[in-house]
Amino acid sequence: MTESVVEQPSLLDAARDAVAPVLDLLGIERVIGVDDQNMLDEGNDPYDADTVVAQLQSGMLPLADLVADSVLRAVFTDDDGEVVDLDEAVDIARGGDLPKPAQSRLAELSQLAEVDDDTPGQVDPVDVTDVSSRPALEAIFRDHGFESLTLAQWQATGSASLDQNGPTLVLVDRDFSREGGATDAGDRVVAELLARSDVDRTWCCLLTHSAQDEDDEEQLEREITAANDLQPGALVVLSKPQLDADPERFAIRLLGVLFRQHLSTMREVLGTALTAGHTAAAELLAKTTDFQLLSMFAAAIKEGVHEPDHVLRPLQAVARRAMSEAVRPADGTRDTLAPMHEALALNMGSSGLRPDDVSAIEALELFDSASFLSGTVQPIEPGDIFQIVNPDQVLLGKKPESRYHLILLAQPCDVMVRSDGSRGKNVSPYWLLARVKSFDPTKPADLKEQDRPENVVLPSFLDLKPRMIKLAEIVHVPVIALDMCAFDSHGYSRLKLGKLPPSRASWAWTKRYETLTAAVDEILQGAKTANLSRLKPTSAALLTKALTGCLDSPPDVPEKQVVSARIGIRRRTVAFGLKRIGHLNDAATRSLLVQATHHQGRPADEAALVIDPITGVPTAG
């Protein structure tokens with residue numbers, strides 16, 4: 001009787017299909033694997049069919065473990081994906097037509113099955129990872145002259161042969177203890193390869209069973225790079241367990257090895273571009289007369305913007321143009337970009353980036369952080385993101401957090417503070433903010449919501465998780481509550497009388513601080529006059545709303561999602577349950593404001609001209 005398994009495509013074939021075109025593209029003619037396990041290849045064939053058969057029959061080599069192995073899966077399943085029975089497995093093991101990778105893998109597992117461990121009859125997975133790379137590598141690189149060498153063979157002839165042969169990829173094991181070497185002997189082999197001058201003919205990486213996952217790989221890369229004084233980013237460590245478990249990921253990671261020189265050139269071009277941008281800006285600044293600087297300073301005062309930020313505008317413009325020219329060298333497209341374009345256009349099957357890595361890159365471009373906003377006393381602007389927090393804790397000087405977020409949708413002309421600390425005439429004392437809610441692209445309900453025109457999806461948020469801006473869920477917040485966030489060192493909405501404004505605040509926002517101080521003083525005086533501290537809770541809440549301008553929310557909205565205020569007469573402080581935690585970049589904010597304006601200006605649904613008076617259903621003409 002046979003055991004049914006889910007038919008799976010060959011992962012090793014997929015990995016080979018991903019890697020082979022890139023090797024061909026780069027002209028790599030040979031792949032060498034340096035591993036002390038290759039000692040088994042010296043002398044007689046290590047595969048002993050009689051021993052393997054005996055272990056199969058006794059259960060020392062469980063058939064289930066062989067079927068789970070990526071190299072042996074196809075050998076011990078039939079055309080329908082069914083696991084063969086034990087008798088047929090024995091015949092296969094005795095047969096003389098076993099592929100070389102399968103023989104090597106069975107020889108390894110046979111040897112390991114003789115090792116005493118805590119789970120008799122089971123293959124020790126830790127030991128397997130230390131020897132499992134060769135059969136998989138033979139399968140992946142079978143069309144590119146894969147050659148297995150021991151450390152002794154490599155030291156005798158392998159390194160010298162690089163000068164006499166074509167472009168070569170060298171995969172080096174880290175642990176050579178089976179040959180009497182050190183467990184990190186491979187580090188030095190890779191360091192010597194990376195020091196070669198023919199970087200366009202030799203590629204290498206380090207394989208190790210001690211790295212179980214991506215975090216281990218990255219940690220080892222940092223440690224080995226520092227210990228061997230290597231150039232950061234030059235070394236790539238690949239996990240042997242990952243090679244066996246996910247060959248496609250191994251193939252994608254290998255791209256970093258194969259394009260090391262191209263990526264290094266790109267880094268140099270980007271570095272040159274940054275220098276060119278700085279040089280161009282510095283030259284323009286040197287040519288700018290004092291009167292021109294004074295004129296730009298005066299314009300900044302009139303507009304109410306931070307004066308140095310205003311003066312930076314022409315400098316940023318020339319820097320951007322200079323950098324754009326520098327990243328387009330005459331030979332850059334042909335020599336650096338074109339090969340990577342061709343390789344990445346191939347069907348790779350999977351991504352080498354973790355989702356968190358992607359989100360971190362997106363968030364870096366999309367958002368300014370809370371520490372940047374507070375540290376530089378950035379003004380309140382459209383696209384600012386706020387948390388709704390506990391106002392009592394804000395009043396006490398604590399640092400509450402929450403998962404309820406809002407984003408400011410006010411128009412830039414309304415938000416701008418002029419040089420005297422005021423805003424334009426007839427600006428509303430309340431601004432519109434939209435709720436920002438969690439979004440899970442794996443849930444059908446969330447995907448359905450994504451298609452609605454009033455919802456805007458952010459692929460990444462400040463916590464690196466996706467979010468959805470709900471333009472139909474609007475909250476009105478007093479302007480004073482938002483402005484206070486700009487002056488608190490942690491972004492909270494609170495202001496204490498007698499405290500000086502931050503020294504980094506612009507001239508206009510220093511004046512704005514004076515206006516806010518006067519408003520807070522008025523609120524405190526009103527609270528004192530009305531004996532706020534002696535009122536019953538319900539009356540005190542009503543008075544606080546009246547003095548601070550907080551509005552009632554719909555009855556179905558939980559209190560923790562409502563922006564409210566607290567007045568501390570003894571503390572001489574007014575606080576709102578808000579914290580500014582970030583800012584959506586200007587380009588994304590402009591797009592968001594367009595969508596918000598379109599949503600607010602949408603026409604109401606037109607009623608049918610004629611309906612059935614009984615059923616209420618529109619009647620066709």
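The values are calculated or read from the model by the stated rules, or taken from the named source; none is laboratory data. Computed from a predicted model, the values in this text were never measured in an experiment. Cβ atoms come from the backbone with ideal geometry, glycine included; neighbour counts cover every protein chain shown. Please note that ligands, DNA and RNA were not included when accessible areas were found on the heavy atoms of the full protein model with its side chains. Shrake-Rupley method; radii C 1.70, N 1.55, O 1.52, S 1.80 Å.
Computed values, structure above
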| item | result |
| --- | --- |
| Qualifying residue in the stretch 539-549 (condition: outside any helix (DSSP H, G or I), within 26 Å of residue 475 (Cβ to Cβ) and not charged (D, E, K, R)) | yes |
| Any hit, the stretch 605-618, residues being part of a helix (DSSP H, G or I), more than 30 Å from residue 541 (Cβ to Cβ) and at pLDDT below 95 | no |
| Selection from the stretch 556-583 of residues that are more than 39 Å from the chain's Cα centre (by Cα) and not polar (S, T, N, Q) | 567, 568, 569, 570, 571, 572 |
| Counted residues, the stretch 78-100 - those being open to solvent by less than 30 Å² (accessible area, probe 1.4 Å) and within 42 Å of the chain's Cα centre (by Cα) | 2 |
| Residue list for the stretch 471-488, filter: assigned to a loop (DSSP other than H, G, I, E, B) and farther than 16 Å from residue 393 by Cβ | 486, 487 |
| Unmet criterion (only one of (1) touching a Leu at 6+ places or on another chain (Cβ under 8 Å); (2) modelled with pLDDT of 85 or more) for residue 155 | (1) |
| Those residues of the stretch 160-179 which are part of a helix (DSSP H, G or I) and touching a strand residue (DSSP E or B) at 6+ places or on another chain (Cβ under 9 Å), in sequence order | 161 |
| Residue satisfying condition, being closer than 29 Å to residue 72 by Cα and modelled with pLDDT of 80 or more, within set 201, 253 | 253 |
| Exclusive hit being among the basic types (Lys, Arg) and at pLDDT 85 or above, set 16, 30, 73 | 30 |
| Qualifying residue in the stretch 455-471 (condition: open to solvent by 30 Å² or more (accessible area, probe 1.4 Å), among the aliphatic types (A, V, I, L, M) and within 19 Å of residue 381 (Cα to Cα)) | yes |
| Check on residue 533, polar (S, T, N, Q), touching a residue at least 12 places away in the same chain (Cβ under 8 Å) and not in a helix (DSSP H, G or I) | no |
| Selection within the stretch 554-597 - without any contact (Cβ under 8 Å) to a residue 24 or more places away in the chain and under 21 Å from residue 467 (Cα atoms) | 557, 558, 587, 590, 591, 594, 597 |
| Any hit, the stretch 207-223, residues being touching a Gly at 6+ places or on another chain (Cβ under 6 Å) and either part of a loop (DSSP other than H, G, I, E, B) or buried (at least 20 other Cβ atoms within 10 Å of the Cβ) (or both) | no |
| Tally, over the stretch 285-307, of residues that are more than 23 Å from residue 379 (Cα to Cα) and not in a helix (DSSP H, G or I) | 2 |
| Members of the stretch 164-195 found to be under 33 Å from the mean Cα position of the chain (by Cα) and charged (D, E, K, R), listed by number | 173, 174, 175, 184, 187, 188, 192 |
| Conditions (1) of a type in the set (Gly, Ala, Ser); (2) at positive phi; (3) open to solvent by 80 Å² or more (accessible area, probe 1.4 Å); number of the one not met by residue 533 | (2) |
| Residue match in the stretch 431-442 (condition: exposed (fewer than 13 other Cβ atoms within 10 Å of the Cβ), over 23 Å from the mean Cα position of the chain (by Cα) and not in a strand (DSSP E or B)) | no |
| Extreme residue, most open to solvent (accessible area, probe 1.4 Å), among residues of the stretch 355-384 that are in a loop (DSSP other than H, G, I, E, B) and either within 16 Å of residue 588 (Cβ to Cβ) or of a type in the set (Ser, Thr, Tyr) (or both) | 381 |
| Matching residues, the stretch 183-206, being open to solvent by less than 40 Å² (accessible area, probe 1.4 Å), under 15 Å from residue 150 (Cα atoms) and either in a loop (DSSP other than H, G, I, E, B) or among the aliphatic types (A, V, I, L, M) (or both) | 185, 189, 190, 206 |
| Residue 521 within 19 Å of residue 428 (Cβ to Cβ) and of a type outside the set (Val, Ile, Thr) | no |
| Residue match in the stretch 498-506 (condition: open to solvent by 20 Å² or more (accessible area, probe 1.4 Å), basic (Lys, Arg) and either in contact with a Pro (Cβ under 9 Å, 6 or more places away or on another chain) or outside any loop (DSSP other than H, G, I, E, B) (or both)) | no |
| Any hit, the stretch 229-248, residues being among the basic types (Lys, Arg), open to solvent by 10 Å² or more (accessible area, probe 1.4 Å) and either closer than 30 Å to residue 327 by Cα or outside any strand (DSSP E or B) (or both) | no |
| Checklist (1) surrounded by 14 or more Cβ atoms within 10 Å (Cβ to Cβ); (2) at pLDDT below 85 applied to residue 164, failing item | (1) |
| Evaluation of residue 421 against (1) in contact with a Phe, Trp or Tyr (Cβ under 8 Å, 6 or more places away or on another chain); (2) assigned to a strand (DSSP E or B) (one fails), failing number | (2) |
| Options 201, 188; residue that is basic (Lys, Arg) and closer than 23 Å to residue 17 by Cα | 201 |
